[in-house]
Amino acid sequence: MAKFVKGSYRTISEVHAVLEDLRKEGYAESDITLVTNKDNTYKELDDSTDAQIKFFALGKNPEYVPHFHE
């Protein structure tokens, strides 16, 4: 399947709703990458999903610029 950006979400519940929609479309959660810039959000998503989670906070790891289609 082609890689794409689905959107940007403010709450964990929004993320879970989109994950459910993607599962219904035939995507496996293990094939989904979520990107966050908040440490507490990273931990909560990591604990509650099987998706790959990437943490990126500008200034904390400036040598890493995420490529969302990796």
Practice prompt. Go through the range 20-46 and give me each residue that's within 14 Å of LYS6 (Cα to Cα) and either among the small types (Gly, Ala, Ser) or more than 11 Å from the chain's Cα centre (by Cα) (or both).
Written response: GLU20, ASP21, LEU22, ARG23, GLU25, TYR27
Item to complete: Would you point out the residue of the range 33-63, among those that are at pLDDT 85 or above and among the small types (Gly, Ala, Ser), that is surrounded by the fewest Cβ atoms within 10 Å (Cβ to Cβ)?
Response: SER48
Practice prompt. Residue by residue through the range 3-32, note down the ones that are in a loop (DSSP other than H, G, I, E, B) and either open to solvent by 80 Å² or more (accessible area, probe 1.4 Å) or touching a Ser or Thr at 6+ places or on another chain (Cβ under 6 Å) (or both).
Written response: LYS3, PHE4, VAL5, LYS6, SER8, TYR9, ARG10, GLU25
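The values are calculated or read from the model by the stated rules, or taken from the named source; none is laboratory data. Model, not experiment: these values are computed from the prediction. Virtual Cβ from ideal backbone geometry, glycine too; neighbours counted across all protein chains shown. When the accessible area is computed, the model is the full protein with side chains, heavy atoms only, and any ligands, DNA or RNA have been set aside. Shrake-Rupley method; radii C 1.70, N 1.55, O 1.52, S 1.80 Å.
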